[in-house]
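Report on the following structure.
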Amino acid sequence: MTNLAGKTIVLTRPVEQSSELAELLVEVGVNVLLVPLIKIVGPSDGGRKLKAALERADDYDWIVVTSANGAQSIASFIKSLATSDARRPKIAAVGTATEQALGCAADFMPSTANAQTLVREFPFGEGRVLLAQVENLGGAVDSSVARGLSERGWLVDEAAAYQTVAATPSEQEVAQASQADAVVFYSGSAVRSWRAGVGIKTPHVVIAIGESTARVARNLNIQVSSVAAQTTSSAVVAALVGVFEQQRP
């Protein structure tokens, strides 16, 4: 039994992506509240740019995928390459969850499952990279990974693989979430949705996955208790255990 027993913890990812972490937390006595604050939908262009890039996949030396959601959007294409005569680009996945969503072994994964480490450890080169990632507000993609890869010599084409939209919690979910002991945010979109849907009151323990998520939280005056460097369920549990251990009298 851990120090999490008896705690109420809110998970804000879509339900289908929260099952593994929820099961781990329930096993150690946590009351888990599933309050999905975002929905995963296709990019605003209907995926046309990504589809066009994939149709000329042999132009690329690498396809880089920075999330499991992005991987799911191209998994069927990657599978089709395995049975075709076309040259398959190498595949880089940000972590094991992304690799699993792709349905094939990645040629490169960073030592730590986050975009910053992927960029830092990605090989230098002079070829072409297709970067499939999330579309942000206004139809743009986050260019920080593309810039990092460009600095390592690559020509980078960015394409939106999906976008997140806010999911509105019910009144009951709002009431329960505002009384919880902790909340886990996986994205800046979820943080913004929390502020819009739940309001000012936030559990005294806030776990952010990645520095970009933490930055959005801080900009909205939400105090972050711990930043989990990886998206794995074990990393999130470790972050929660660490924070509650520090708060023991």
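The values are calculated or read from the model by the stated rules, or taken from the named source; none is laboratory data. Computed from a prediction, not measured in an experiment: that's the story for all the values here. When we count neighbours, we look across all protein chains shown, and the Cβ atoms used for this are built from the backbone with ideal geometry, even at glycine.
Whether a residue is outside the structural domain of Val94 (by TED's automatic domain parsing), under 17 Å from Ala160 (Cβ atoms) and at pLDDT 90 or above was assessed, and Gly42 passes this test.
Note on the stretch 226-247: residues that are outside any helix (DSSP H, G or I) and touching a residue at least 40 places away in the same chain (Cβ under 8 Å) amount to 5.
With respect to (1) in contact (Cβ under 8 Å) with a residue 24 or more places away in the chain; (2) over 26 Å from Val15 (Cβ atoms); (3) surrounded by 15 or more Cβ atoms within 10 Å (Cβ to Cβ), the lone exception for Ala68 is condition (2). Pairing each residue of the stretch 102-131 that is in contact (Cβ under 8 Å) with a residue 12 or more places away in the chain and not assigned by TED's automatic domain parsing to the domain that holds Val227 with any residue that is acidic (Asp, Glu) and in a loop (DSSP other than H, G, I, E, B), provided the two are 6+ apart or on different chains, yields C-beta distances under 7 Å for Gly125/Asp61; Gly127/Asp61; Arg128/Asp61; Val129/Asp61. Flag: Ser150 does not match the condition of being at pLDDT below 90, touching a strand residue (DSSP E or B) at 6+ places or on another chain (Cβ under 8 Å), hydroxyl-bearing (Ser, Thr, Tyr) and farther than 21 Å from Leu21 by Cβ. Note on the stretch 15-131: enclosed helices (runs of 4 or more DSSP H) holding 1 or more residues that are within 30 Å of Phe244 (Cα to Cα) and over 21 Å from the mean Cα position of the chain (by Cα) are 15-27. Residues in the stretch 208-236 that are crowded, with 22+ Cβ neighbours inside 10 Å and closer than 15 Å to Ala22 by Cα: 2 in all.
Residues are listed down the side, and each one gets a yes or a no for (1) under 19 Å from Val134 (Cβ atoms); (2) in a helix (DSSP H, G or I); (3) out of contact with any His (no Cβ under 7 Å at 6 or more places or on another chain):
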| site | (1), (2), (3) |
| --- | --- |
| Ala160 | yes, no, yes |
| Val183 | no, no, yes |
| Val191 | yes, yes, yes |
| Gln223 | no, no, yes |
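For the stretch 155-196, a residue qualifies if it is over 30 Å from Gly6 (Cα atoms) and either surrounded by 23 or more Cβ atoms within 10 Å (Cβ to Cβ) or free of Cβ contacts under 8 Å to residues at least 24 places away in the same chain (or both), and the qualifying residues are Ala159, Ala160, Ala161, Thr164. Selection of first residues in the stretch 22-33 that are over 20 Å from Glu173 (Cβ atoms) and of second residues that are part of a helix (DSSP H, G or I), restricted to Cβ pairs under 7 Å at least 6 apart or on distinct chains, gives the following pairs, ordered by first then second residue: Leu24/Ser233; Leu24/Val237. For Glu55, the conditions (1) without any contact (Cβ under 8 Å) to a residue 40 or more places away in the chain; (2) not assigned by TED's automatic domain parsing to the domain that holds Gln133 all hold with the exception of (2).
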